[in-house]
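K.L.:
If you scroll down you'll find the structure; I have some questions about it.
The values are calculated or read from the model by the stated rules, or taken from the named source; none is laboratory data. The structure presented is a predicted model; accordingly, all values stated were derived computationally and were not measured. Virtual Cβ from ideal backbone geometry, glycine too; neighbours counted across all protein chains shown.
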Amino acid sequence: MLRVLTLSTLFPDATRPNFGVFVERQTRALAARPGVEVTVVAPRGVPPGGGLLPRYRPLAALSARGRWEGLDVHRPRFAAWPLTGGRFHVGALVRAVTPVLETMRGTIDVIDASFFFPDGPAAVELGRRLGVPVSIKARGADIHHWGRAPATAGQVRAAGLAADGLLAVSAAMRGDMIALGLPAGRIAVHRTGIDRDRFRPGIAPRARGRVVSVGALIPRKGHDVVIEAVARLHGVRLTVAGEGPERGRLAALIERLGVGDRVVLAGAVPHADLPALVAGAEVMALASSSEGLANAWVEALACGTPIVVTDAGGAREVVTGPAAGRVVDRTPEAFAAAIGALLADPPAVEAVAAHADPFSWEANAAQLHAHLAALVAQHRAKA
């Protein structure tokens with residue numbers, strides 16, 4: 001029996017059902033494997049006094065333990081001090097999680113940190129206290145932002161050097177980790193998975209001239225670039241699925257461009273509704289400034305919907321042929337040209353979907369199982 005503790009601040013809950021769904025799905029797939037027992041610790045970061053603020057009140061009120069999609073989930077609350085650049089997140093996280101883990105002493109074989117910051121440095125400290133090996137996975141902003149921010153870069157690098165094993169969501173991400181000084185020999189590429197029963201061609205009628213963009217409304221996702229691109233394409237309609245602090249600015253941009261009849265900010269779309277939304281579009285476009293390997297890219301391809309994306313992270317590991325779509329510059333002009341070309345001459349749906357064949361949760365879980373089991377074996381051999 002392999003007893004895994006999954007530590008992740010990126011995990012869905014009743015107040016944020018779409019938050020970190022890919023971590024939840026990976027954890028569920030791992031837990032479904034024979035001989036694996038998984039417990040989840042998903043800490044909640046809430047500013048001091050945040051329970052009194054409308055924005056944080058639902059998160060602060062969550063139960064400290066419960067079930068989520070068949071998983072046993074502990075949700076300790078830690079103080080996420082604002083205006084500190086994350087400098088104190090790790091210490092606060094360790095203090096919040098320690099009482100929970102003390103009750104599990106002797107029942108955990110390995111800690112699987114599913115996000116690099118603050119999860120990774122906290123996992124290293126907790127693993128040291130419990131005497132178990134630690135794996136940390138890098139997904140995107142956890143390296144590109146926290147790994148370079150002055151207040152946290154040292155913590156990220158120290159955790160990467162101390163961890164027993166490291167995972168990267170793409171080969172490009174692995175290269176970024178090596179560039180930070182992390183040990184290449186300990187970094188394995190561990191790509192995401194998708195549910196091919198849900199994300200598949202033909203589950204919704206395809207609307208002519210429909211483009212979709214999926215991602216949080218934050219500057220890094222570049223929704224403004226896609227909106228400006230669609231504004232240049234007569235008759236093309238865009239649905240932006242996501243929520244975030246950029247909503248007001250994007251709504252103002254839509255009004256200024258006069259495309260309110262063609263561009264819709266759909267808000268946070270439940271993950272269960274995404275397959276039909278994506279399969280019903282002719283193109284999925286996402287102008288990210290940085291990524292690891294976005295699930296939205298692969299989910300679109302699995303639905304037979306080609307993608308237009310920037311040369312960010314593992315984009316060229318996904319767009320490996322013309323049927324998959326285009327990798328372009330992060331400008332409205334480049335996106336408009338690529339979207340227009342795909343709409344004028346759409347690739348065969350089957351050819352698009354074939355590009356998602358290497359991605360499955362079964363393969364993802366099998367590799368993760370083998371990785372964690374090897375760390376445990378190495379740790380025991382050393383002991």
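K.L.:
Please specify each residue of region 4-24 satisfying the condition of being assigned to a helix (DSSP H, G or I) and either touching a Leu at 6+ places or on another chain (Cβ under 8 Å) or at pLDDT 95 or above (or both).
P.N.:
Hits for region 4-24 are Val23, Glu24.
K.L.:
Any chance you could count how many residues in region 102-120 are touching a residue at least 12 places away in the same chain (Cβ under 8 Å), farther than 21 Å from Gln26 by Cβ and out of contact with any Lys or Arg (no Cβ under 8 Å at 6 or more places or on another chain)?
P.N.:
Matching residues across region 102-120 total 1.
K.L.:
Among the residues of region 26-68, which ones are surrounded by 18 or more Cβ atoms within 10 Å (Cβ to Cβ), at pLDDT 95 or above and not in a strand (DSSP E or B)?
P.N.:
Gln26, Thr27, Ala29, Leu30, Ala31, Ala42, Pro43
K.L.:
Does region 297-327 hold any residues that are surrounded by 23 or more Cβ atoms within 10 Å (Cβ to Cβ), over 15 Å from Pro358 (Cα atoms) and not hydroxyl-bearing (Ser, Thr, Tyr), and which are they?
P.N.:
Correct list: Pro306, Ile307, Val308, Val309, Ala312, Gly313, Gly325.
K.L.:
Answer yes or no as to whether Ala272 is assigned to a helix (DSSP H, G or I), at pLDDT 95 or above and closer than 30 Å to Ala348 by Cβ.
P.N.:
Spelling it out, it is not the case that Ala272 is assigned to a helix (DSSP H, G or I), at pLDDT 95 or above and closer than 30 Å to Ala348 by Cβ.
K.L.:
Filter region 72-98 down to the residues that are at pLDDT below 95 and closer than 24 Å to Arg28 by Cβ and list them by number.
P.N.:
Asp72
K.L.:
Same structure, new question: Filter region 154-166 down to the residues that are of a type in the set (Gly, Ala, Ser) and either more than 20 Å from the chain's Cα centre (by Cα) or in a helix (DSSP H, G or I) (or both) and list them by number.
P.N.:
If the condition is that a residue be of a type in the set (Gly, Ala, Ser) and either more than 20 Å from the chain's Cα centre (by Cα) or in a helix (DSSP H, G or I) (or both), then Gly154, Ala158, Ala159, Gly160, Ala162, Ala163 are the ones that fit.
K.L.:
Identify the single condition in (1) among the hydrophobic types (A, V, I, L, M, F, W, C); (2) surrounded by fewer than 16 Cβ atoms within 10 Å (Cβ to Cβ); (3) in the same structural domain as Ala341 (by TED's automatic domain parsing) that Ala179 does not satisfy, given that it satisfies every other one.
P.N.:
For Ala179, the failing item is (3).
K.L.:
Turning to a different aspect of this structure: Give Ala79, Ala141, Ala151 a once-over and let me know the one that is surrounded by fewer than 23 Cβ atoms within 10 Å (Cβ to Cβ), touching a residue at least 24 places away in the same chain (Cβ under 8 Å) and under 19 Å from the mean Cα position of the chain (by Cα).
P.N.:
Ala141
K.L.:
Residue under question is Val169, and the condition is that it be closer than 24 Å to Pro347 by Cα and crowded, with 19+ Cβ neighbours inside 10 Å; does it hold?
P.N.:
When the stated conditions are applied, Val169 does not pass them.
K.L.:
Okay, moving on. I'd like to check something: does region 214-228 contain any residue that is out of contact with any Gly (no Cβ under 9 Å at 6 or more places or on another chain), at pLDDT 95 or above and in a strand (DSSP E or B)?
P.N.:
No, because not a single residue in region 214-228 is out of contact with any Gly (no Cβ under 9 Å at 6 or more places or on another chain), at pLDDT 95 or above and in a strand (DSSP E or B).
K.L.:
Shifting gears a bit: Just need a number here: residues in region 187-216 that are more than 30 Å from Leu233 (Cα to Cα), touching a residue at least 24 places away in the same chain (Cβ under 8 Å) and not hydrophobic (A, V, I, L, M, F, W, C).
P.N.:
Residues in region 187-216 being more than 30 Å from Leu233 (Cα to Cα), touching a residue at least 24 places away in the same chain (Cβ under 8 Å) and not hydrophobic (A, V, I, L, M, F, W, C): 7 in total.
K.L.:
Based on what the data block shows, is Val97 assigned by TED's automatic domain parsing to the domain that holds Val156, touching a Pro at 6+ places or on another chain (Cβ under 6 Å) and either more than 27 Å from Leu167 (Cβ to Cβ) or in a helix (DSSP H, G or I) (or both)?
P.N.:
Criteria met by Val97.
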